[in-house]
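Reviewing the structure listed below.
The values are calculated or read from the model by the stated rules, or taken from the named source; none is laboratory data. All figures in this text were calculated on a predicted structure; none of them were measured in a lab. Ideal geometry is used to build each Cβ from the backbone, glycine not excepted, and the neighbour counts take in all protein chains shown. Calculation scope for accessible area: heavy atoms of the full protein, side chains included, ligands and nucleic acids excluded. Shrake-Rupley method; radii C 1.70, N 1.55, O 1.52, S 1.80 Å.
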Amino acid sequence: VGMGVFLAMMTRRGHAEYRPLVDRYRVFVRQGLQDADYTTWGEVDRASRRRLFNYPWVAEFHLEHYRVTGRRQSLLDACATLLKCYEKPVSYAFVESPECEVVVALREAGLAAEADRLLNAIKRHKDVILGVGSGVSKEVNYAPEGLAGRLTQLLGVAKLMGEAKYRDFALKEIL
């Protein structure tokens, strides 16, 4: 999925020759890696267990596809992917997540209700992290990329929401 994100970014930067590949890859991601309800898989045959770290990558791809095409459905797909990811509270942050970027893009696209819904899901997720502490993870405890993800995502949410509790936790407990 990371290569799809890369091709979409390259398309946005003037390499129009990649556009057909990015459009075809969107169909593959949406039909091959995601169920209709946005459950996201790491493999086409769905033999793998559902790993939550796949969701932010897929959301990032949908966001980049939206940026390339202006296709509203791709932005809604990014939002729905993240909402599905945050459907159940989890106590870890992702290495990378476009969550704040998707909220901003939704607002800019006039999709305030969707932006608010996603922001509430993000807030619930970050509140779980604050309640559990800085190092607890279902994946790998204290991995540098996991801690960096917690730090950057909490700071991003603090900036987006204007709530100091996320910034303070990031700076005192994680940094």
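Here are the numbers for this structure:
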quantity	calculated
From the options Val27, Val58, residue that is touching a helix residue (DSSP H, G or I) at 6+ places or on another chain (Cβ under 6 Å) and β-branched (Val, Ile, Thr)	Val58
Yes/no for Arg50 being under 30 Å from Ile174 (Cβ atoms), without any contact (Cβ under 8 Å) to a residue 24 or more places away in the chain, assigned to a helix (DSSP H, G or I) and charged (D, E, K, R)	no
Every residue from region 1-30 that is basic (Lys, Arg) and over 10 Å from Glu64 (Cβ atoms)	Arg13, Arg19, Arg24, Arg30
Residue count for region 75-110, restricted to those that are touching a residue at least 40 places away in the same chain (Cβ under 8 Å), in a helix (DSSP H, G or I) and crowded, with 22+ Cβ neighbours inside 10 Å	7
One residue from Ala47, Ala36 being surrounded by fewer than 18 Cβ atoms within 10 Å (Cβ to Cβ), among the aliphatic types (A, V, I, L, M) and at pLDDT 95 or above	Ala36
Single match in Val68, Val29 (criterion: more than 23 Å from Met161 (Cβ to Cβ) and touching a residue at least 60 places away in the same chain (Cβ under 8 Å))	Val68
Check on Leu119, surrounded by 15 or more Cβ atoms within 10 Å (Cβ to Cβ), farther than 20 Å from Arg50 by Cβ and at pLDDT below 85	no
Leu147 of a type in the set (A, V, I, L, M) and at pLDDT 90 or above	no
Hey, Met3 in contact with a helix residue (DSSP H, G or I) (Cβ under 7 Å, 6 or more places away or on another chain) and either in a helix (DSSP H, G or I) or surrounded by fewer than 17 Cβ atoms within 10 Å (Cβ to Cβ) (or both) or not	no
Flag if Val22 is within 27 Å of Asn120 (Cβ to Cβ), open to solvent by less than 10 Å² (accessible area, probe 1.4 Å) and either at pLDDT 95 or above or not in a loop (DSSP other than H, G, I, E, B) (or both)	no
